[in-house]
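What follows is calculated from the coordinates using simple rules that are stated; it is not laboratory data. Treat the numbers as computed from the prediction; the structure is a model and nothing was measured. With ideal geometry, Cβ positions are generated from the backbone for all residues, glycine too; neighbour counts draw on all protein chains shown.
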Amino acid sequence: MISPFVPSQGVPLKPRVTWDQIVPGIERIDEIMPARQETANLTLTANDKYVDMLVTAAATVTLPLAATARSLFEIKNMTTSTADVTVDANGAETIDGNLTVVLTPGESLTIRSDLTLWSIR
């Protein structure tokens, strides 16, 4: 077992809290916040966290303004076809320097805002 004490700093660390300690029986937050499932183009809002794209043709997920987004988004291309999902930054904003990121079937993306631009986690 790892001690919660870091000798080099002399400061005890707080123990890691798990979702099961917050909500008994829950191991992951998406178990209490189910994914939004979409079959066509989508513009994310602050209420979205997890999005499963179940598309049969190419689709685009547009991110909200980075300046107003205060959370992580997880987007997954769950299509059973060959359709790609394009994640598009808002306007001239970028995602790790790119205007868009393409998710092929089965790929997922966790993204966050620094209130100016988007970065992949």
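Within the stretch 42-97, restricting attention to residues that are among the small types (Gly, Ala, Ser) and crowded, with 18+ Cβ neighbours inside 10 Å, which residue is farthest from THR110 (Cα to Cα)? Step through it out loud before you land on a result.
Filtering the stretch 42-97 down to residues among the small types (Gly, Ala, Ser) leaves 46, 57-59, 66-67, 69, 71, 81, 83, 89, 91-92, 97.
Checking which are crowded, with 18+ Cβ neighbours inside 10 Å leaves us with 59, 66, 69, 89.
Numbers: ALA59: 18, ALA66: 14, ALA69: 14, ALA89: 13 Å.
Within the stretch 42-97, the match that is farthest from THR110 (Cα to Cα) is ALA59.
Of THR104, THR100, all but one fail to be touching a strand residue (DSSP E or B) at 6+ places or on another chain (Cβ under 6 Å) and of a type outside the set (Lys, Arg); the exception is THR100.
Within the stretch 95-109, the set of residues being over 19 Å from LYS49 (Cα atoms) and not in a strand (DSSP E or B) comprises ASP96, GLY97, LEU99, THR104, PRO105.
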